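Just below is one structure, and these are the notes that go with it.
The values are calculated or read from the model by the stated rules, or taken from the named source; none is laboratory data. The shown structure was predicted, so the numbers you read here are calculated from the model rather than taken from an experiment. Glycine also receives a Cβ, built like all others from the backbone with ideal geometry; neighbour counts cover every protein chain displayed. When the accessible area is computed, the model is the full protein with side chains, heavy atoms only, and any ligands, DNA or RNA have been set aside. Shrake-Rupley method; radii C 1.70, N 1.55, O 1.52, S 1.80 Å.
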Amino acid sequence: AVADPFAALPSLALFCSIQDPITREDYSRDPRHVARKATNYLRSTGIADTCFIGPEAEFFVFDDVRFDQNAHEGYYHVDSAEGEWRRGRDVRPNLCGKLRHKHGYFPCPPSDGLMDLRNEMMQTMIQCGIDVEAQHHEVATGGQCEIDMRYQDLVRMADQVCHYKYVVRNVARRHGKTATFMPKPLHGDNGSGMHTHLSLWRDGQPLFAGTGYAGLSDTGLYAIGGILRHAPALLALTNPTTNSYKRLVPGFEAPVNLAYSQRNRSAACRIPMVSANPRTKRVEFRCPDAMANPYLAFSAILMAAIDGIQNKIHPGEPLDRDIYD
């Protein structure tokens, strides 16, 4: 239970598992129940006792959205105050400073016109008990943003992703804007993903740290092998919309090849090299987007990793050349 920061009357936002009202058994189709089953299964295997998940959910903030599909027309129209298409408009005053395609990564205000909005989103999340690490503008023009949460165990993080989206949308609405987690709302510019970081731990110790490629253990490599082996099935849960596949195309950092690599952002699985500390060693699955149900998506990724570990599925050789080009 969390105090709802947007309700006029004091209200609680509740995260709960669904039960049959008569038998009091957990409802098998409840996604949160699925996530709890996945973590319980992990413990039953003896491989690990904790699965930590760290998603990077990206989103766009628009000032106006219109769309329709009917008997005589079909169209969509999105608009953003910082969109480069506004440079030539007869608007008084036109202050320019618009971001060009793919020029949105870490600009300073005033080009980044959403700094205060993201700060308010981040502060609201912190007030709701979410451990936030950072916020920043993302690559695309037209108001693409990212706010990063500190990793948590699988079920808690799935709860937090739901809460994260609730806060983002409501803070945007409070300011007369609209936020969307649609993966590819702008043609020809970068889309929004939800890069998902996974690590397994047992007795407080990280299991993915070792002396192999990129500082990985055999367990970490086998986990990658399982994810790559099951990726075609995983995408049904991690990338569930038609629009999801408009993002997974060449030229935008989104993965299009089932490969793994250290640092390479165009690989399906990346091993972040941010620190030599074994406790930071993890695998980043870069395919998912935030239209996914987080309970089902995280559970599916975990189960694929478990299968790779149990069956010692080696991922093959890493791909360290320029996949982007």
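About the Cα centre, and with charges only on the beta carbon of Lys, Arg (+1) and Asp, Glu (-1), how big is the dipole of the chain? Nearest 20 debye, please. Before the final figure, lay out the partial values.
Numbers: 36 positive and 37 negative charges, 31 e Å.
With only Lys, Arg, Asp and Glu charged at Cβ, the dipole is about 140 debye.
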Here, residue 314 and residue 205, labelled 7 Å along Cα→Cβ, have an inter-label distance in nm of 2.5
With an 8 Å Cα cut-off and a minimum separation of 6 or more residues, compute the relative contact order for the chain in percent. 19
Which one, 47, 31, 5, projects farthest toward the positive side of the charge dipole computed for segment 1-64 from Cβ point charges (K/R +1, D/E -1)? 47
For a quick check: with amide H placed at 1.01 Å from N, whose amide H comes under 5 Å from residue 268's, ignoring anything fewer than 5 positions away on the same chain? 257, 259
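Using just the helices of the chain, give the 222 nm mean residue ellipticity in deg cm²/dmol: DSSP H runs with n ≥ 4 each add -39,500 (n - 2.57), and the total is spread over all residues, rounded to 500.
Numbers: 6 runs with 91 residues, N = 325.
-9000 deg cm²/dmol, from helical runs alone.
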When the charge dipole of segment 171-320 is computed with +1 on Lys and Arg Cβ and -1 on Asp and Glu Cβ about the Cα centre, the Cα farthest towards its positive end, among 285, 192, 223, belongs to 192
Once the dipole of the chain is set up from charges on Cβ (+1 Lys and Arg, -1 Asp and Glu), the residue from the list 232, 81, 104 lying farthest towards its positive end is 232
Taking the Cα centre of segment 90-177 as origin, work out the dipole magnitude from +1 charges on Lys and Arg Cβ and -1 charges on Asp and Glu Cβ, in debye rounded to 20. 420
How large are Rg and Dmax for segment 111-209 when only the alpha carbon atoms are used, in Å? 15.1, 48
Could you check how much of the accessible area of the chain is carbon and sulfur, as a whole percent, using a 1.4 Å probe? 51
GNM on the chain, C-alpha springs below 10 Å: top fluctuator among 63, 49, 203? 203
Within 10 Å, count the other beta carbons around each residue, average over each peptide in 69-78, 263-272, 12-21, and list them highest first. 263-272, 12-21, 69-78
A correct Karplus calculation of ³J(HN,Hα) over segment 290-301, with 6.51 cos²θ - 1.76 cosθ + 1.60, θ = phi - 60°, whole Hz and x for Gly and Pro, returns 7, 7, 5, 6, x, 4, 6, 5, 5, 5, 5, 4
So what does residue 261 come to for accessible area, using a 1.4 Å probe and Å² rounded to 10? 0
Output needed for the chain: three equivalent-ellipsoid semi-axes, defined as square roots of 5 times the C-alpha gyration tensor eigenvalues, in descending order, whole Å. 34, 25, 19
Neighbour net charge for residue 225 - beta-carbon separation under 13 angstrom, K R +1, D E -1: -1
Show which aspartates and glutamates lie in cross-link reach of residue 312 when reach means a straight Cα distance below 20 angstrom and same-chain residues fewer than eight apart are skipped. 49, 218, 284
Applying the Karplus parametrisation 6.51 cos²θ - 1.76 cosθ + 1.60 with θ = phi - 60° to the phi angles of segment 304-315, what ³J(HN,Hα) value in whole Hz is obtained for each residue in order, glycine and proline being reported as x? 5, 5, 4, 4, x, 5, 5, 9, 6, 7, 7, x
Accessible area expressed per residue, the chain, with surrounding protein chains retained (probe 1.4 Å, Å²): 49
Calc'd 3J(HN,Hα), segment 70-83, phi into Karplus 6.51 cos²θ - 1.76 cosθ + 1.60 (θ = phi - 60°), Hz, glycine/Pro = x, comes to 9, 5, 10, 6, x, 7, 9, 8, 10, 9, 9, 4, 9, x
